[in-house]
Amino acid sequence: MPKPRTSRALSGSEIWASVHDHQVHSRHDCPVDRRLPFCHRPANLSARSRVRAGIAGGAGIIMETRAYWTRRVGRRSALRGAGIGIAGLTGAALLGCGNKNEGVPAVSTQTAPVDLKGAGAKAEEKGILTKRADTTGQAKAGGILPSSRTSDVDSMDPLAATSFTANAISRYVYPQLMEFKPGIIDPASGEVQGQLVEKAEFAEPTRLVLTLRKDAKWDPRPPTSSRPLTAEDVVFSWKKFAAKSVSRASLSNTASPAAPITDISATDANTVVVKTAFPYGPLTLALAYTRWLQIMPKESDGGYDPRKDMRGAGPFMLSKYEPSVRFEFRKNPNYWKQGRPFIDGIDAPIVSEYAQRLAQFRAGKIYGGVVSQEDTVSVKKELPQLEAYQGEFGTATYKLFFGLRPNSPFRDPRVRQATSMLIDRDLIVETFHNTKTFKDAGWPVDTRWNSVGIACGYEAYWLDPKGKGLGDGAKFFQYNVAEAKKLMDAAGIKAPIETNMTYISTAQYGTTFPRVGEAYRGMLDASGLFKLKTVNADYQTEYLPKFYFGKGDFDGIAWAATTTFPHPVQHLLDYYHSKGSRQKVAFQGDVKSIEGQQACDDLIDKAARSLDFKETVSFIQQWQREQAIRMPMIPSPWPSGAPAFTLQWPYVKNYATYRDYLEQAEQTAVPNWWIDQSQMKG
């Protein structure tokens, strides 16, 4: 079985975003984060001022845009007013499958997403970017890391919660069977290694045998009381995941025939067998993915309430939780990695307002993960002692998706194509990644567009919509209102289409997310082909059940954050397959409801079952060319369209040294951070 390869790793900015300001949804779920109140626009302001005032207030403001947005300069100004930017959201990518009896399979790097020998190195020489250094040899233990979170969680139970916000907080505490090996200075390659697992071997292509480490112990507090972690806990966790997880259809073959795992069983206290319905290339990556199978103790069934408390075996323990107020973590004395973590703990008060978090960061009361892309250059100029790092292209493909009820105009591919052509992708990237400001200040900048279903950070698989590889479907990525109108006319649509535009105005997906949604609504309305009513649905009671997981059973257009996966085929299975757990392309899962969906499913299945790297790439690229024409959902160039920058105080050492691969920084990076008291003043 050939060893596949990968393309990118999570950056320092993404680590801070994941650990301290986590933007998860699944990555609705994401990949995510915060809550801001809906604000009505001031009636006495100009169009431009209304946009600036409303968006700065942190909510989905209804823009007064028809004439305003049709003027390009005005549209750019409006978007800049809306743009908070990102600290970095995403994870990355590729296939993991090893030869029989080879141990834990590895994944090798194929390309480096950021050219540190080019613009990045020059930026370091100019003193803009900070050179990464490994200071582990000088590390001093102790100290509490001051952090923050932008929203609370509805549950801390990663195996039963309805949102991945639970996984974002539980990663501090609950371990996985596998983990992604962090990069040290250089980006992580995506190589999979054991976490709870000491040895892994494929006894046959559909049976993976895992030997657990014997030095892993649960939390010293009751009811786990330092009990050794055993295979019984793994089986318990799998059964709970398969029965209750919002992602069960991604892994459990019982929940979905497209999912690989049929059973996880124990042969003794330290041996686990994973059986699959078919050979599945990304299996070891799936077992390392923190949004899926985190391992919980059997005592979580009745011994404590896992929605409100945690007893884990990871690097940290939840020591204090005040709902809507704060989280406090302290180092786990039972952690099997000797001498880690270096820090004694993390204090993370919930601070929803960006301005308040930024003020605390400026004062040195929060050490990193705060500054938006919009403010990065000015804050660095104001505080030149701050360290600055650049990440890589991301692997998140947030999307506009459609209501697919029987009479929906969006069942016609020409309407979906036309809608895509009303999006000015370069403008979105420039605005919300703040690229012009960075360029003018001499910071290294590169930009890309996400393809349909495949983010630009998946180097080996991505087809550039600006290039020739995507074929005829590339034209539907171009901003062209006149051609969009022709497509609408050909479909027999009388403009404008009057319908809803639905997204959350609260902060689960970050403070920028609703502003990007408002920008999209403004662009569609400005074309004259749409007349949209903004609907800011409640995240838990409306948005998730009725829209995000609604399988097309709604009216209009919705804006969604999406999960990042270790391998792109996992994203396609979840979002574009008619049986996917988060699919938005087949009405109520009926593959016959939308023309071309069966061929879409078939090609995804072929890619998922292939164990040959080149063949997998070929299937996924063929899929992109076909779906670019169908345009089942519209991929957003934000986030992921430009490598993000992050600022941090120099107190935290090794912050940018240990580079996370995909949402595992709490376990593979943070334990190696240490606080240098000598850098602090006073």
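Gln138 to Arg207: extension gain in nm, 0.36 nm per residue of separation minus the Cα-Cα distance?
Extra length from Gln138 to Arg207 when fully extended: 20.4 nm.
For region 392-550, what does the relative contact order come out to in percent, with C-alpha contacts under 8 Å and a separation of six or more?
Value for region 392-550: 24 percent.
Over 20 Å, how big is the tail of the calculated P(r) for region 121-201, in percent of all Cα pairs?
Tail of P(r) above 20 Å: 64 percent of Cα pairs.
Do me a favour and compute the ellipsoid semi-axes for region 148-245 from its Cα gyration tensor, root of five times each eigenvalue, largest one first, whole Å.
So the equivalent ellipsoid measures 24, 20, 16 Å along its semi-axes.
What net charge do the residues around Ala255 carry, taking every other residue with its C-beta under 14 Å from that of Ala255, with Lys and Arg at +1 and Asp and Glu at -1?
Here the charged neighbours net out to +4.
What trypsin sites (Lys or Arg not before Pro) does region 527-627 have in DSSP loop regions with at most 12 other beta carbons within 10 Å? Could the numbers behind the result be given before it?
Working: sites: Lys531, Lys533, Lys546, Lys551, Lys579, Arg582, Lys584, Lys592, Lys606, Arg609, Lys614, Arg625; in loops: Lys551, Lys579, Arg582, Lys584, Lys592.
Those that pass, being in a loop and sparsely packed, are Lys592.
Grab the eigenvalues of the alpha-carbon gyration tensor for region 544-682, scale each by 5, take roots, and send me the semi-axes largest first in whole angstrom.
39, 19, 13
From the phi of every residue in region 358-364, what ³J(HN,Hα) in whole Hz does the Karplus formula 6.51 cos²θ - 1.76 cosθ + 1.60 yield, where θ is phi - 60° and glycine or proline is x?
Ordered by residue, 3J(HN,Hα) equals 5, 5, 5, 5, 4, 7, x Hz.
With only alpha-carbon pairs counted, each pair once and no self-pairs, how large is the Kirkwood hydrodynamic radius of region 335-470 in angstroms?
Hydrodynamic radius (Kirkwood, Cα only) of region 335-470 equals 19.1 Å.
Multiply the residue gap between Asp309 and Ser618 by 0.36 nm, knock off their C-alpha separation, and tell me the result in nm, one decimal place.
Using 0.36 nm per residue and subtracting the Cα-Cα distance, I get 106.7 nm.
Can you classify region 484-605 as rounded, prolate or oblate using the Cα gyration tensor, where a ≥ b ≥ c are the square roots of its eigenvalues, rounded means a/c under 1.5, and otherwise it's prolate if a/b beats b/c and oblate if not? The partial results should precede the final answer.
Details: a/c = 1.86, a/b = 1.15, b/c = 1.61.
Oblate is the answer for region 484-605, as a/c is 1.5 or above yet b/c matches or exceeds a/b.
If only Cα atoms are counted, what is the Rg of region 395-459, and what is its Dmax, in Å?
In Å, with Rg to one decimal and Dmax whole: 15.6, 52.
Ordered by packing density, taken as the mean number of other Cβ atoms within 10 Å over each peptide's residues, highest first, how do 455-464, 411-420 rank?
Result, highest mean Cβ count within 10 Å first: 455-464, 411-420.
Excluding Tyr304 itself, what net charge comes from residues whose Cβ is under 11 Å from its Cβ, given Lys and Arg +1 and Asp and Glu -1?
Around Tyr304, the charge tally is -2.
With every atom except the alpha carbons ignored, what do you get for Rg and Dmax of region 623-672, in angstroms?
Cα only, region 623-672: 17.5, 50 Å (Rg, Dmax).
Take the alpha-carbon centre of region 423-485, take the same for region 579-639, and report the distance between them in whole Å.
Region 423-485 and region 579-639 have Cα centres spaced 20 Å from each other.
Based solely on C-alpha atoms, express the radius of gyration and the Dmax of region 167-303 in angstrom.
Over region 167-303's Cα set, Rg and Dmax evaluate to 14.7, 44 Å.
What number results when the radius of gyration of region 331-387, computed over Cα atoms, is divided by 2.2 N^0.38 Å?
1.49
Normalised by the residues of region 244-347, what does the relative contact order come to in percent, with Cα pairs under 8 Å and at least six apart?
Once divided by the residue count of region 244-347, the mean separation gives 12 percent.
How many angstrom lie between the C-alpha centres of region 515-555 and region 147-176?
Using only Cα atoms, the two centres lie 26 Å from each other.
In terms of Cα to Cα distance under 29 Å, which lysines are near enough to Lys439, apart from those fewer than 8 places away along the same chain?
Lys117, Lys122, Lys126, Lys131, Lys380, Lys381, Lys399, Lys466, Lys468, Lys475, Lys653
Can you tell me, using C-alpha contacts under 8 Å and at least 6 residues apart, the relative contact order of region 153-222 as a whole percent? Before the final figure, lay out each step's value.
On the way: 76 pairs, mean separation 12.2, N = 70.
Reported as a whole number, the value is 17 percent.
How are the C-alpha pair distances of region 232-382 spread across 5 Å bins, as whole percents from the shortest bin up?
2, 8, 12, 14, 13, 14, 12, 11, 8, 5, 2, 0, 0
Which whole-Hz couplings ³J(HN,Hα) result when phi for each residue of region 419-429 is put into the Karplus expression 6.51 cos²θ - 1.76 cosθ + 1.60, θ = phi - 60°, listed in order with x for Gly and Pro?
My calculation for region 419-429 gives 4, 4, 6, 8, 9, 8, 5, 4, 5, 4, 5 Hz in order.
Given 25 °C and 0.890 mPa s, compute D for region 359-427 with the Stokes-Einstein relation, Rh being the Kirkwood radius over Cα pairs; round to the nearest whole µm²/s.
150 µm²/s
Please compute the net charge surrounding Arg227, taking Lys and Arg as +1 and Asp and Glu as -1 over other residues with Cβ under 15 Å from its Cβ.
Spelling it out: positives minus negatives among the neighbours equals 0.
Ranking request for peptides 281-291, 309-319: highest mean number of other beta-carbon atoms within 10 Å first, then the rest in descending order.
Output ranking for 281-291, 309-319: 281-291, 309-319.
Only the coordinates and a few stated rules stand behind these numbers; no lab work does. All values derive from a computational prediction rather than experimental measurement. No Cβ is skipped: glycine too gets one built from the backbone with ideal geometry, and neighbour counts run over all protein chains shown.
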